[in-house]
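Beneath this line is the structure, given in structure tokens, with notes to follow.
Values quoted throughout were computed directly from the atomic coordinates according to the rules given, and no laboratory measurement underlies them. As the structure is a prediction and not an experimental result, all values here were calculated from the model. Here the Cβ positions follow ideal geometry from the backbone for every residue, glycine too, while neighbour counts run over all protein chains shown.
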Amino acid sequence: MRLGKAARKFSCRFFLSFPNHICPSIFLELPLSLLLDNKKINFMEENKELILRDILAIERTKMANERTFLAYFRTSVALFGAGVGIVELDYFEKYKTLGFVFLGIAVLTLIIGIVRILQVKKVIKNAK
């Protein structure tokens, strides 16, 4: 079964404009292709020229990706600051291990944010 040209355009635009807050992260890793009856149909193959709405949707996705990374970074800095504060202040002497846990979580949060931004940038680049 082969999709009509209008259906392929609609499906491609629907996929590109699907909101990130609704879209599970697994959708971000899917290519802009669909497997139907063992035939790989690439939606971008027939219409390589993007319209303004599609270009703006890609730009919005890039900005949302940057905002998400900044949220990871902000969380990491807050955890790092709390960890250093707990470790360095004598008042929290019995909570030093909690401070080191905060420091570890801060580093882990930053690494997760960096990996995520790089993965999403790769998906966005491949989608063009």
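Values as computed for the structure displayed
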item	result
Mean separation of Cα contacts under 8 Å (6+ apart) over length of the range 52-108, as relative contact order %	32
Residue order, fewest to most beta carbons within 10 Å, for I86, I111	I111, I86
F100 paired with R74, simple spin-label distance in nm, labels 7 Å along Cα-to-beta-carbon	3.1
Charge context of V115, other residues only, Cβ under 12 angstrom, K/R +1, D/E -1	+3
Förster-model FRET efficiency, 25 Å R0, V115 and R53, C-beta, rounded to 0.05	0.25
Sequence of T97, T61, T68 once ranked by neighbouring C-beta atoms within 10 Å, starting from the fewest	T97, T68, T61
